[in-house]
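Shown next, in C-alpha cells, is the structure this report addresses.
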Amino acid sequence: MDGNLFTSHLLDWYDANGRDLPWRREPNPYRVWISEIMAQQTQLDRVVGYFDRWMARYPDLQSLALAREEDVLKLWEGLGYYSRARNILKSASVLAHAHGCVFPSDPIAIRALPGVGAYTAGAVASIAFGLCEPAVDANVLRVFARLLDLDAPVAETGVRQTVERTVRALIPEDRPGDFNQALMELGALVCAKRPRCGECPVRAHCLAHARGVADSRPVLPPSRKAIRIEMATGVLVRHGRVLIQKRRPGDVWPGLWEFPGGCVEPGETPRQALAREFREEVELVVEPVEKITVVAYSYTRYRVTMHCYRCRLTGDAEPVPVFNEAAEGGFVLPAQLAEYAFPAGHRRLIEFMERDARAAGWFDAGRHD
DNA sequence: AAGCCGTGGAG
DNA sequence: TCTCCAAGGCT
C-alpha cells in the first residue's frame, strides 16, 4: 500500500465529510477525554447531547473534581455502561491530586487512568496532544480487515496488534488526531457493517474490494444467544410517596435507583414473584393489586419483559422497609423521581405513569393508602 | 481469556 | 419481531 497516497485520499475525504461534533470544535484534552469515554460502545450521534449537558455542568477538571456521584450518574442516565461515569470520577481525583488538574500528555499516564484502555489512550494522545499513537476501535478493525483482507476473526488479539502496527506506520506527523478520526469516520459512514464501496475514498487501496469480498469482511466470532427473562416490579405508594431503593456495588446498575422487584422464577406468576421479592428485599408484605403496564427492554445479553404492578400493603401496620438487597432506599415524592438515575426500563415505567397520570392516577395519595 | 457491563437504532 | 452491534475496559 502506498502510505502517502492512502493518507492524502483519506484526509481529503475527512476534511470534506467529517461530521461537525462539539469536541472537534474545541479539542482540549479534558473535552477529548470525556468525549472518548462517552463514545465507548456508543454511537457518536447519541453522545452529542450528553456531551453538551456534561460540559455545561462540568466545563473543566476543576469543576469535575467537586462533582458528586449521584449527579454524575443522573447526567449519565440512559447512556449505559455506568462504570464509565464512576471511572471518570476516579480519574478526576487522580488528576486533581497527582497531576494538579493538568491533563497529562504522556500516553502511559493517560492509559493509567481508570476506564482508559489502549484505544482511548491513543485517541486522547493523538487528538488532544498531536502524538503519533494508534487508536484502534471497532471501526478501524473493520476498515483494516477489508483493506488488508484479513481472514482471521477481528476479535483476536493478534489482529488488533497487526492493525495497530499498520496504523502506527501510516500516521502522518502533522495530523495524527485527524488521521485516527478519519479512519473511524470512514468506518462509521462508509466502510460500515454493510460497506458502501462506491463512496469510498480509498477503495483503490482495498484488497477485499479488489477481490470482491468486502461484504464478507470482517470475519466475526459466533454470536452468543440472547437470554429471555421475566421480571416483576412494584410501585408502592404511601402517604403520597413511592418506595424506591438504590442498587449496590457489584450489582447490575450499581448506584442507580429502582422500584423493588426481581425475576419471576419457574412456576411463579409475576404477582407471586413480586410479593416474594418485596418480602425478601424490603421485608414488606404487599399485594399486587393492579397491572400498570409491561415494559420490554434489554441489557447486555438479556431480553427482559418487566411486569409492572401497583401494590398495596396487606395489614394496617405502618410500613418500615428494611433494605436487605439495596444500598439505601425510602419513600419519595413522585415529583422527586426526576432527580434520581434509574435504569432505562424503570425510567420508561416512570414516564408511562407520568403520561398516564391524569387517567390512572398511579401516584394519587388517596387511592393507595 | 472469556464473560460482564446498557442502550437504542438499523436492517 | 429479532438479531446485530456501536469511537471498549475490567476482571
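The values are calculated or read from the model by the stated rules, or taken from the named source; none is laboratory data. Because the structure is a prediction, the values reported are computed rather than measured. Because the Cβ atoms are built from the backbone with ideal geometry, glycine has one as well, and the counts that use them run over all protein chains shown. Note: areas computed on protein heavy atoms with side chains; ligands, DNA, RNA excluded. Shrake-Rupley method; radii C 1.70, N 1.55, O 1.52, S 1.80 Å.
Some observations on this one:
- The residues packed around A:GLU280, meaning those with a beta-carbon under 12 Å from its beta-carbon, carry a net charge of -3 if Lys and Arg are +1 and Asp and Glu are -1.
- Accessible area per residue, Å², chain A with all protein chains present, probe 1.4 Å: 48
- log10 of Debye I(q)/I(0), alpha-carbon scatterers only, for chain A at 0.10, 0.11, 0.15 Å⁻¹: -0.77, -0.87, -1.20
- Of all lysines in the structure, those lying under 29 Å Cα to Cα from A:LYS74, and not within fewer than 8 positions of it along the same chain, are A:LYS90, A:LYS246, A:LYS291.
- Chain A, relative contact order [Cα under 8 Å, separation at least 6], %: 15
- Net charge dipole size for chain A [Lys, Arg +1 and Asp, Glu -1 on Cβ; Debye, nearest 20]: 660
- Relative packing of A:43-52, A:219-228, A:113-122, which averages over residues the other C-beta atoms within 10 Å, highest first: A:113-122, A:43-52, A:219-228
- Listed peptides A:8-20, A:86-98 appear in the order A:86-98, A:8-20 once ranked by packing, highest mean of other Cβ atoms within 10 Å at the front.
- In the stretch A:3-216, one over the average inverse separation of all distinct C-alpha pairs is 17.9 Å, which is the Kirkwood hydrodynamic radius.
- For the stretch A:228-368, a/c is less than 1.5, where a ≥ b ≥ c are the root eigenvalues of the C-alpha gyration tensor. That puts it in the rounded class.
- Listed residue (A:GLY117, A:LEU89, A:CYS132) projecting farthest to the positive dipole end of the stretch A:89-200, Cβ model: A:LEU89
- Contour minus Cα-Cα distance for A:ASP45 and A:ALA155 (0.36 nm per residue): 37.1 nm
- Bridgeable lysines around A:LYS193 (alpha carbons under 25 Å apart, same-chain partners fewer than 8 residues away excluded): A:LYS225.
- Under 11 Å from a label point set 7 Å out along the Cα-to-Cβ vector of A:ARG68, no amide N atom of the stretch A:236-253 is found.
- Ordering of A:240-248, A:205-213 by packing [mean C-beta count within 10 Å, highest first]: A:240-248, A:205-213
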